[in-house]
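For reference, the structure discussed in these notes is given below.
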Amino acid sequence: MSDPALVLEAVSKHFGDRRALDEVTLSVPAGTVWGLIGPNGAGKSTTFNLLCGYLRPTAGTVRVLGLDPRRPGALKGRVGVLPQDAVLPSYLAVGPLLTYLARLSGLERPERAARVALEQVALSEAWDVPPPSLSHGMARRVSIAQALMGDPPVVLLDEPTAGLDPRIAAEVRGLMQRMRGRATLLVSSHNLPELEALCDGAAILDRGKLVQAGTMGELTARGAEFRIQVAKGDVPLETIRALPGVAQASLRSDGLLSVTVETGAGTPEAILNATLRLLLDAGVEVTGVAQGQSLETRVLAVT
Amino acid sequence: MQTVTDSLIVFAAELRRALRSPRVLLVLFLYLALAALTVLAAGFIAQKLQTQLTSQGQPTEAMLSPKAGFLAAFFRSDRVLIESLIDVPAAVLVVFVLGRFFLSAYVALLGFDSVSAELQTRSLRYLGIRTSRSALALGKGLALAAVVLLLVTLVHLGSFGYALATVPEFSFGEAARLFPRLWGNTVLIGLAMAGLTTLCSTLSRSPALALTLNLTALFALWVAGLVSDGARMVRSLPGQDGGPSWQERLGLLVPSTWSTEALYPDPGRALPAALILLGFAALFMTGAVAALRARDL
């Protein structure tokens, strides 16, 4: 992993007596896509707001690309942000608004940047539409457009696909995929399968505390566990347990076979293949295979 | 340098916004309509008075008496000041005096939500990630000041134009001499009030609260001015001696005190007062910048 683009060191944020964040330490490597996960009130939006310099931390240090986000103009042209609950300014139509924002970002050809950004979210026709006339989904797409405008090196997206129809949500996910390696993305979402498919790593917050952070492989124990969905047939459970490298194997009543691999027992893929061979030889019908826990299972376990 | 460039970008967008805002246009219209009404009423009364005096065989100089009374009510009964303004046509004078009196409230109505409304909807976050908060506060404050400048200029051009058209003895040369003095004086107090309104707008997320704060501040300044004027009058009574009391000194904190000072014909007295008024504008704007920088967006 490369140098961190986003760093929080022992960061706390209190609103009166309420501790929205409590000594959170987190770093997101540059060029990666990271998820910020947690139930409502976990501190995700507060983390975003601290990274954007909207809030001042009660304690600790926040750095974005090595800069203090509270320093005046520090994030200019460097960070694109999709705030969760901010209403688009209503005094300019979409096109002029994006041009104005591009100009403030210091982009060389602001109108061109605005048009490209609107094309990215398939909203070119909304150029002259005032923001209050946009539907929720369209307003969200305009917000995404302004965040991605000018290809900033860091993009912070708070619930980017919330309220979008499935086709547009898939296009937005595609946009984020294409930014992988070009920019550092921090994405907050309650859609955990979406994050699991998209992210290189994630941080899980609960009640203001960081409960776990790591690569997606680490979080889902991708190298230590696999699951096989059995449709029909007798599973040779004891034979599987006796395979070299298998620490544990269990079969649920719904036909889900879970196999845990011993630490340092070689490649889990070899054990998965051996298990599948055993099942097929025994005439067992297999309908699905998944490595590791789902992110959802992991999040539910720790929050 | 970046802050200056960004302030100008924000200023341009905010000015465009202000000049398209129905509320701002309504306030501009009301101010202009009130000024026009005042001009017509003052002109009509002055003309009637002059006709009456002429028919009674009295010198037209007798008209100066109600004018002097009007000026005394607004300018501390100061003889020098009243003498310097007594020859100003009634229409110009009444518009100037009443406009100056009500301008603070108009500025508050024009700009109370310039920052607070964007704090409430959090739309300021789209701007705050791209530029410094200083640039945001300065750009918004300057846009409000520009609208005030436009408003004051239109009203003064209107009243002077009316006076030139209806008062034969009011020459163009006299108008050209008088215009910068009265217009500049109103602009200066307008700029200070634009600063105060911008400051109040940064202090609250609620536009209603920002307006309440603004009007409360104006009321407090007005009361402080009254107390100061009262203390000055008491000190000027026979048998009273000694230096100015703290109540009288309270007036030093009130922009309108300096606005009156800036009206004196003596440049040695008017120019420092004008600079102090600009200082008030700068002080309030600095406060707005500091408040926006300190607060959460």
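The values are calculated or read from the model by the stated rules, or taken from the named source; none is laboratory data. Treat the numbers as computed from the prediction; the structure is a model and nothing was measured. All Cβ positions, even for glycine, are placed from backbone atoms using ideal geometry, and neighbour counts span all protein chains on display.
When the residues of the stretch A:37-67 are filtered to those that are part of a strand (DSSP E or B), modelled with pLDDT of 95 or more and buried (at least 20 other Cβ atoms within 10 Å of the Cβ), the one that is nearest to the other protein chains (Cβ to nearest Cβ) is A:64. Filtering the stretch B:13-35 to residues that are surrounded by 16 or more Cβ atoms within 10 Å (Cβ to Cβ), of a type outside the set (Asp, Glu) and in contact (Cβ under 8 Å) with a residue 24 or more places away in the chain leaves B:13, B:15, B:17, B:18, B:24, B:27, B:28, B:31, B:34, B:35. Quick test for you: out of A:77, A:137, A:95, pick the one residue that is in contact (Cβ under 8 Å) with a residue 12 or more places away in the chain, in the same structural domain as residue A:186 (by TED's automatic domain parsing), surrounded by fewer than 20 Cβ atoms within 10 Å (Cβ to Cβ) and touching a Pro at 6+ places or on another chain (Cβ under 8 Å). Going through A:77, A:137, A:95 in turn, just one is in contact (Cβ under 8 Å) with a residue 12 or more places away in the chain, in the same structural domain as residue A:186 (by TED's automatic domain parsing), surrounded by fewer than 20 Cβ atoms within 10 Å (Cβ to Cβ) and touching a Pro at 6+ places or on another chain (Cβ under 8 Å): A:77. Do the conditions hold for residue A:223, that is, is it at pLDDT below 90 and either charged (D, E, K, R) or in a strand (DSSP E or B) (or both)? No: the conditions fail for residue A:223. From the list A:277, A:298, the lone residue that is outside any loop (DSSP other than H, G, I, E, B) and surrounded by fewer than 16 Cβ atoms within 10 Å (Cβ to Cβ) is A:277.
Residues of the stretch A:159-197 that are over 20 Å from residue A:122 (Cα atoms) and either surrounded by 22 or more Cβ atoms within 10 Å (Cβ to Cβ) or hydroxyl-bearing (Ser, Thr, Tyr) (or both): A:184, A:185, A:186, A:187, A:188, A:189, A:195.
The residues in the stretch B:96-128 that are of a type in the set (Val, Ile, Thr), more than 14 Å from every other protein chain (Cβ to nearest Cβ) and in contact with a Ser or Thr (Cβ under 6 Å, 6 or more places away or on another chain) can be counted, and the count is 1. A single member of A:213, A:203, A:231 is more than 19 Å from residue A:291 (Cβ to Cβ) and not assigned by TED's automatic domain parsing to the domain that holds residue A:176, and it is A:231. From the list B:131, B:153, the one residue that fits, being among the β-branched types (Val, Ile, Thr) and more than 11 Å from every other protein chain (Cβ to nearest Cβ), is B:153. Among the residues that make up the stretch A:233-244, is at least one of them surrounded by 18 or more Cβ atoms within 10 Å (Cβ to Cβ), touching a strand residue (DSSP E or B) at 6+ places or on another chain (Cβ under 8 Å) and without any contact (Cβ under 8 Å) to a residue 40 or more places away in the chain? Yes, some residue in the stretch A:233-244 is surrounded by 18 or more Cβ atoms within 10 Å (Cβ to Cβ), touching a strand residue (DSSP E or B) at 6+ places or on another chain (Cβ under 8 Å) and without any contact (Cβ under 8 Å) to a residue 40 or more places away in the chain. Being modelled with pLDDT of 95 or more, surrounded by 15 or more Cβ atoms within 10 Å (Cβ to Cβ) and in a helix (DSSP H, G or I) holds for only one residue in B:210, B:270, B:220, B:282, and it is B:210. Being outside any helix (DSSP H, G or I), touching a Lys or Arg at 6+ places or on another chain (Cβ under 8 Å) and surrounded by fewer than 20 Cβ atoms within 10 Å (Cβ to Cβ): is that true of residue A:106 here? Taking the combined requirement at face value, the residue satisfies it.
Per the listing A:122, A:74, A:126, A:114, the residue uniquely within 30 Å of residue B:295 (Cβ to Cβ) and either in contact with a helix residue (DSSP H, G or I) (Cβ under 8 Å, 6 or more places away or on another chain) or among the hydroxyl-bearing types (Ser, Thr, Tyr) (or both) is A:114. Do you know which of the residues in the stretch B:159-207 that are more than 21 Å from residue B:277 (Cα to Cα), hydrophobic (A, V, I, L, M, F, W, C) and buried (at least 23 other Cβ atoms within 10 Å of the Cβ) is modelled with the lowest pLDDT? Filtering first and then ranking leaves B:163.
Scanning the stretch B:189-207 for residues that are in a helix (DSSP H, G or I) and among the aliphatic types (A, V, I, L, M), we see that the one that is farthest from the chain's Cα centre (by Cα) is B:199. Residues in the stretch A:86-140 that are away from every other protein chain (no Cβ under 11 Å) and β-branched (Val, Ile, Thr) were compared, and the one that is nearest to the chain's Cα centre (by Cα) is A:121.
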